[in-house]
Amino acid sequence: MTTARVLDTQRLSTLANAYEREIVRFLRDLVAIPAESCHDDPVIQRIRQEMEKVGFDEIRVDAMGNILGRIGSGKTVVMMDAHRDTVGVGDLREWAWDPYQGKVEDGYVYGRGACDPHAGMAGMVYAGKLIHELGMCGDCTLWVTGSAQKLHILKEGGIRPDCLLIAGPTSLRIYRGQRGRVELEDADPIDKMPCLVREVEQLDHRLRQDSLPGKGSIAVTEIRSEPGLRSVNPQRGGTAGESREGAEIQRYPVEKYYPTRVLDESHPLVQAAIATYEALFELPPVIGKWTSSTSGVGSMGLMGVPVIGFGPGDEEVAHGVGERVPIRHLVKAAQFYAAFPMMFADTVTRR
């Protein structure tokens with residue numbers, strides 16, 4: 001008998017909805033803590049506190065400040081991740097409300113990080129509570145991580161997952177592809193900077209196109225200044241079918257290269273995600289891809305761990321002054337995260 005047949009979707013839905021207020025409260029607590037990069041220790045401690053409350057079996061913070069929470073100790077290892085830090089708030093005058101208030105209005109939670117990354121973390125932590133209470137762990141080990149350096153977890157953390165689910169905002173769609181990233185650099189005298197920027201803009205129109213990841217791209221993301229010299233940093237978005245050599249553009253040397261990765265829809269990881277969605281919501285999911293590069297390009301492209309994305313909230317509002325997440329997304333994401341590990345293990349076993 002398959003997991004899809006024994007999964008008590010009604011009981012899972014009822015319990016997830018019963019925890020809606022707690023999920024929202026936890027999310028609002030996370031939003032209330034400023035968590036810009038290198039200043040996010042308090043949010044790590046708040047995540048630890050909630051993991052302890054809902055009954056994670058093991059919780060630790062590694063040397064890089066990644067928080068890792070484990071449930072179960074089965075054969076199939078599933079890792080779910082949301083980055084732990086947020087972007088800044090920018091000019092506070094552009095906000096119609098306090099970005100750290102966690103305002104709740106008209107079925108949404110508003111604020112910095114409400115969509116990315118805190119919504120995914122809130123859903124994953126409460127998925128742990130659902131798994132415990134409904135006995136859904138099976139022959140699985142689930143790691144829920146809040147990362148700053150995901151590759152450190154995979155290289156040094158003693159965890160080698162069979163798959164990675166990134167809980168960033170996907171509008172509850174299943175993402176199976178992401179663009180690669182190429183970081184290039186060049187240095188020239190100050191008076192040549194305008195010409196270099198125009199050259200990069202012209203190159204952008206001539207890059208490779210692919211149906212799922214989309215067209216390759218290049219844009220100047222940073223100009224560093226020294227006396228008499230400036231260093232221009234064009235960041236290159238890779239696409240399918242490119243190589244490191246193909247990513248090199250004329251005079252710009254490749255500083256860092258993260259290859260594009262796309263999973264075929266027949267891949268067991270994608271099939272398990274589809275089966276989970278259909279079992280829970282009785283509808284076919286929308287399959288898509290990230291419009292930008294994510295940390296998954298390192299996990300999959302460099303470490304060989306297959307990656308998908310599924311998360312609450314809409315990618316286009318993340319990091320903006322109107323950042324928000326629908327509360328109904330939080331509850332559905334928690335259901336999905338709770339059911340997915342067993343469904344993935346079942347899919348791998350049957351294959």
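The values are calculated or read from the model by the stated rules, or taken from the named source; none is laboratory data. Quick caveat: nothing in here was measured; it's all calculated off a predicted structure. Cβ placement follows ideal geometry from the backbone for every residue including glycine, while neighbour counts extend to all protein chains displayed.
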Could you tell me whether any residue of region 284-291 is modelled with pLDDT of 95 or more, surrounded by fewer than 21 Cβ atoms within 10 Å (Cβ to Cβ) and either among the aliphatic types (A, V, I, L, M) or in a helix (DSSP H, G or I) (or both)?
yes
Is there any pair with a first residue in region 150-165 that is modelled with pLDDT of 80 or more and a second that is among the aromatic types (Phe, Trp, Tyr) whose Cβ atoms are under 7 Å apart and which are 6 or more apart or on different chains, and what are they?
159/143; 161/143; 163/344; 165/310; 165/340
Can you find a residue in region 313-333 that is at pLDDT below 90, of a type in the set (A, V, I, L, M) and in the same structural domain as residue 15 (by TED's automatic domain parsing)?
no
Can you name the condition, by its number, that residue 336 falls short on among (1) modelled with pLDDT of 95 or more; (2) in contact with a strand residue (DSSP E or B) (Cβ under 8 Å, 6 or more places away or on another chain); (3) part of a helix (DSSP H, G or I)?
(2)
Counted residues in region 91-108 being part of a loop (DSSP other than H, G, I, E, B) and aliphatic (A, V, I, L, M) come to 1
Region 83-97, residues that are acidic (Asp, Glu) and farther than 16 Å from residue 114 by Cα:
91, 94
For region 235-254, indicate whether the set of residues that are modelled with pLDDT of 65 or more and surrounded by fewer than 21 Cβ atoms within 10 Å (Cβ to Cβ) is non-empty.
no
Report whether or not residue 47 is closer than 29 Å to residue 349 by Cα, within 22 Å of the chain's Cα centre (by Cα) and surrounded by 13 or more Cβ atoms within 10 Å (Cβ to Cβ).
no
List the pairs whose first member sits in region 98-120 and is assigned by TED's automatic domain parsing to the domain that holds residue 21 and without any contact (Cβ under 8 Å) to a residue 24 or more places away in the chain, whose second member is crowded, with 24+ Cβ neighbours inside 10 Å and assigned to a loop (DSSP other than H, G, I, E, B), and whose Cβ atoms are under 8 Å apart, counting only residues at least 6 apart or on separate chains?
98/111; 103/111
Single residue of region 125-163 satisfying the filter (among the polar types (S, T, N, Q) and buried (at least 23 other Cβ atoms within 10 Å of the Cβ)) that is farthest from residue 58 (Cα to Cα):
147
